[in-house]
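Here is the structure we will look at, set down as structure tokens.
The values are calculated or read from the model by the stated rules, or taken from the named source; none is laboratory data. No experiment lies behind these values; they were computed from the predicted model shown. So basically every Cβ, Gly included, is an ideal-geometry build from the backbone, and we count neighbours across all protein chains shown.
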Amino acid sequence: MTRELPLTTRALAAVGIALATGVVGYLTLVAPKAHEVAQLESQLHLGAGPAVTAPAVAIGETERQLWRELEARLRARFVEPSDQLRALDEVGRLASDAGLSLTSVAIQNPQVLRPLTTPGSLAVNPGSIRLTARHRYAELVDFLEAVRHGRTYVVLESLDVRRVDDHLESEIRLISLQWK
């Protein structure tokens, strides 16, 4: 007992439309992209030759001498632990030049090493440079900018500013750095 399914014109039309939509969709969407992918793959294979490297540049004695001079100038800006008085002197001079009225300048706790993360070739010197000064706001800003561009590398550890009468008074702590 087999049954035959009646094929109506509507069923045949629906199958025909589905088949035609699939063919048109393939021809308009999939086939052009497949062709584009094939072109890109062939271009990729053409460009996948050996990697091209830049030729090595020879460094002459002139460049080496310039590098040594630059490194010497850079190292001169760092302070050895035994030479922190030089940093103290420069910071005091910068403060006076900026217009701060210094009431005290000292190296505080020279036996204490501050925890500060530095790159491998730098280290923090023990102790900190402590300044107490009376000033106006603009003078403090000028001093901090001068320290940033000074001849000795120092880092601001803390800054405590308070108003006293008609002026400001600050306690400034700086840390000097050394090149290992």
Single condition V105 does not satisfy, out of (1) under 30 Å from the mean Cα position of the chain (by Cα); (2) buried (at least 17 other Cβ atoms within 10 Å of the Cβ): (1)
Condition (residue is assigned to a helix (DSSP H, G or I) and either in contact with a strand residue (DSSP E or B) (Cβ under 9 Å, 6 or more places away or on another chain) or surrounded by 10 or more Cβ atoms within 10 Å (Cβ to Cβ) (or both)) applied to the range 51-63: is it met by at least one residue? yes
Among the candidates R86, R93, R73, residue that is within 25 Å of H149 (Cα to Cα), free of Cβ contacts under 8 Å to residues at least 60 places away in the same chain and surrounded by 11 or more Cβ atoms within 10 Å (Cβ to Cβ): R93
Within the range 126-180, work out how many residues are surrounded by 15 or more Cβ atoms within 10 Å (Cβ to Cβ) and of a type in the set (D, E). 5
Looking at the range 129-146, is at least one residue in contact with a helix residue (DSSP H, G or I) (Cβ under 7 Å, 6 or more places away or on another chain), among the acidic types (D, E) and over 25 Å from R73 (Cα atoms)? yes
With the structure loaded, tell me whether V37 is closer than 30 Å to A106 by Cβ, among the hydrophobic types (A, V, I, L, M, F, W, C), in a helix (DSSP H, G or I) and modelled with pLDDT of 75 or more or whether it fails that test. no
Exactly one of T152, T117 is assigned to a loop (DSSP other than H, G, I, E, B), touching a residue at least 24 places away in the same chain (Cβ under 8 Å) and under 20 Å from K180 (Cβ atoms), and that one is T152
Can you tell me how many residues within the range 155-180 are closer than 11 Å to Q84 by Cα and either polar (S, T, N, Q) or not in a strand (DSSP E or B) (or both)? 2
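Just to verify a result, which residue in the range 123-149, among those that are among the β-branched types (V, I, T) and part of a strand (DSSP E or B), is modelled with the highest pLDDT?
To start, the set of residues in the range 123-149 that are among the β-branched types (V, I, T) comprises 124, 129, 132, 141, 147.
Now drop any that are not part of a strand (DSSP E or B), which leaves 124, 129, 132.
Details: V124: 82, I129: 89, T132: 93.
Per the stated criteria, the residue is T132.
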